[in-house]
Amino acid sequence: MALAGLFLITFLPVHLIINLMLLKSDPAPFTAAAHFMATFPIVRIFEVVLFAAILIHITYGIFLQIKNWLARPVGYVSGSKAETSFFSRFMIWTGSSVLIFLILHFINFYFVKLGLVKGNPEDFYNMARNLFAVPAYSYIYLVCFAVLGFHLYHAFNSAFQTLGLNHRIWTPVVKIIALFYSIVIPAGFACIPVILWILR
């Protein structure tokens, strides 16, 4: 689960760079990038690996949560809990919110590319901007990326701990990188609907 999560973390900056092209008035850069991602053979192979990582991460996350629930079917009588962070206790819920967004994202874009949903796979630029023009979609988008920030912060830290890479020097550095990443990446995605709304 940790390895799959770290792999997914490396994908987000690439996706963000492409999405930021939506802020350009000229659709050509975004369209070219989207076309490249959809047709280049190596990217197509990478896409399969990406989906496998998503499925592994989700499946194993659900498995671990169910295992934890079964291990302690009745909550503690006292207010004391195991020494886990706030983020750790709510990872299943933040992860579920991200999953809901992924499903919406696939329906609106990936399934269009596959021909399962009506739309023009060569015009994702206008499709995306039209979706951001719908207030409800933009609100859901902003909330989901805010939740993603919390999910990423804990995921980044716990992945290194799971892999046994704790160190008195490097662990504080990892925490700083995790904080930076979990703020900058979600904020980058979130700024897109906000800026498009301002520019309307």
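A short reminder: the numbers here are calculations on the coordinates, not readings from a lab. Owing to the predicted nature of the structure, the values given are computational and were not obtained by experimental measurement. Because the Cβ atoms are built from the backbone with ideal geometry, glycine has one as well, and the counts that use them run over all protein chains shown.
Where does the chain land at 222 nm, in deg cm²/dmol rounded to the nearest 500, when only DSSP H runs of n ≥ 4 count, each adding -39500 (n - 2.57), divided by all residues?
-25000 deg cm²/dmol
Tell me, what HN-Hα J-couplings in whole Hz come from the Karplus equation 6.51 cos²θ - 1.76 cosθ + 1.60 at θ = phi - 60° for each residue of region 127-135, using x for Gly and Pro?
Couplings: 4, 5, 5, 5, 5, 5, 6, 8, x Hz.
Plugging the Kirkwood radius over Cα pairs into Stokes-Einstein for region 107-200, at a temperature of 20 °C and a viscosity of 1.002 mPa s, what D comes out in µm²/s? Mind dumping the intermediate values first?
Working: Rh = 15.6 Å.
So the translational diffusion coefficient is about 138 µm²/s.
Place a label point 7 angstrom from the Cα of Ile56 along the Cα-to-Cβ direction, then list the residues of region 90-109 whose backbone nitrogen is under 13 Å away.
Output list for this probe position: empty.
Place the peptides 153-160, 23-30 in order of packing, highest mean first, counting for every residue the other Cβ atoms within 10 Å and averaging per peptide.
So the peptides 153-160, 23-30, ranked by packing, come out 153-160, 23-30.
Ranked highest first by average number of other Cβ atoms within 10 Å, how do 8-17, 39-48 line up?
8-17, 39-48
So for the pair Leu199, Leu3, with labels modelled 7 Å out along Cα→Cβ, what separation do we get in nm?
My value for the distance between the label points is 4.1 nm.
By counting other Cβ atoms within 10 Å of each Cβ, how are Arg168, Arg129 ranked from fewest to most?
Placing the least packed residue first, the sequence is Arg168, Arg129.
For region 84-158, what D do you get in µm² per second when you plug the Kirkwood radius from alpha-carbon pairs into Stokes-Einstein at 4 °C and 1.567 mPa s?
For these conditions, the coefficient is 94 µm²/s.
Between Phe90 and Val143, with labels modelled 7 Å along Cα→Cβ, what's the label distance in nm to one decimal, could you check?
About 1.4 nm separates the two model spin labels.
For Cα extents along the principal axes in Å, which listed value, (1) 57, 36, 36; (2) 47, 43, 38; (3) 48, 39, 38, comes from the coordinates shown?
Derived directly from the coordinates: (1).
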